[in-house]
Amino acid sequence: MRELTLEFIESLGYDEITEARSNVAVPEEFPEYDNKIEENRRFSYFTVMPDHISEKITDAGKLSVTGHRYSSAILMFHGLNERSWDKYRPWAEYIANSTGKPVILFPMSLHINRSPARWSNPREMQRYVSEHIAAGGDPTDLSFFNYALSTRISADPFRFYLAGRETVHNVSQLVNEIREERHPFLSRDCKMDVFAYSIGALLSQVLFMSDSSGFFSNSRLFMFCGGALFSEMNGSSKLIMDRRAFNILNKYYREFFVKDNLEKRRVGDEIEDAFIAHIGYDLFRSKRTGFYKRNRDRIRIISLKKDVVIPTSGIKRALGSTWKHILKEFDFPFKYSHEVPFPNDGQKVNLVEKNFWFEKVFCEAALFLR
């Protein structure tokens, strides 16, 4: 696999997000204010390059593209509470080599390498988990892996929306840098398609629907295990967030975010409208379903039958009647889950079957995004 590392310094939307975060509640265990986390503003993102590129290795040991600018690339967005790109690197490599396009692994706000390292420290987080349970806290789906996100969401679920909004601004900034010819290997008119998984699909839906600049007007979007209405999702999982946090998150957006604006947290722009359209209210439903009807030829989704986090039924509700043109449901003949669609346990999973279905999913993605 050939991978480039590029640096990103957030500027677009920084002042707005910083101001909005100034009143977001901070839990005792994680006293870092979200707008003070330097890793979230200055971070690296990775690009998996197709095998055929002209290249050289720099003195620092990094891959460097020589003399070529791509006119097409693919953004890849990950799921909620991810702490590394390990799961996604094989996906990106397959798509890059099959399409001949660079695949940009872009981290969402406060995820992957955009969060403090201690949030991913098993020993420290397990200590908090044990203390929480000893104090009589609800242990359902709580784990050292999701403790940081669960606690921060429980303290103030508004940060979920802010993180998504910040990431939309980040992507817009990346696009602007490309247009201004400040990207090292993408041409100024580069077409950006998207491969999105899980909550990254919701980010993509908002990004495409609120695209006032028109940069994504001709782009294609392929979603895997994603695309449902927020109200149809179930994020209670040891790898995502605990039950208490998910219930708080679900209640906040289904009952308060739209109807109660006493805290004046909403801004009422196209990004926000696109997000609200995908929560599950009747508000903006016709706008949402009309969007998918108009754009059905440039959107595809693969769901999994046994996915309980983002079920097929919730995706159908989001798309309206257009789902018949856009959506396919698969059911792998081995034990899988939303969080781990392709298990690595060779003793329990037939590798031939797993490789066949991996190829089937990503061949479809690559053919659509080619």
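For segment 100-186, trypsin sites (Lys or Arg not before Pro) are listed when DSSP marks them as loop and at most 16 other Cβ atoms sit within 10 Å of their Cβ; the list is Arg182.
Dividing the mean sequence gap of close Cα pairs (under 8 Å, 6+ apart) by how many residues segment 237-370 holds gives a relative contact order of 17 percent.
Out of all DSSP beta bridges in the chain, what portion is antiparallel? Express it as a percent rounded to 5. Before the final figure, lay out the partial values.
Values: 14 of 37 bridges.
The antiparallel proportion sits near 40 percent.
Partner aspartates and glutamates whose Cα lies under 18 Å from the Cα of Lys191, excluding those fewer than 8 positions away in the same chain, are identified as Glu177, Glu180, Glu181, Asp211, Asp297.
Given a cut-off of under 8 Å on Cα pairs at least six residues apart, what relative contact order in percent is computed for the chain? Once normalised by length, the contact order is 17 percent. Express in whole angstrom the spacing between the alpha-carbon centres of segment 20-43 and segment 330-356. About 37 Å separates the Cα centre of segment 20-43 from the one of segment 330-356.
Looking at the chain, identify the longest residue range that excludes and avoids all GluC sites (Glu not before Pro) in DSSP loops having at most 13 other Cβ atoms within 10 Å. Free of exposed loop sites, the longest segment is 29-179. Dividing the summed helix terms, -39500 (n - 2.57) for each DSSP H run of n ≥ 4, by the number of residues in the chain produces a 222 nm estimate of -11000 deg cm²/dmol to the nearest 500. Rounded to whole Å, the principal axis extents of the Cα atoms in segment 232-370 read 55, 38, 22, largest first. Partners of Lys238 within straight-line reach, counting aspartates and glutamates whose Cα lies under 14 Å from its Cα and excluding those fewer than 8 residues away in the same chain: Glu82, Asp138, Asp141, Glu339.
We did not get these values from a lab; they are worked out from the coordinates using the rules stated. This one's a predicted model, so the numbers in the text were calculated from it and none came from an experiment. Positions of Cβ are backbone-derived with ideal geometry, glycine not excepted, and every protein chain shown enters the neighbour counts.
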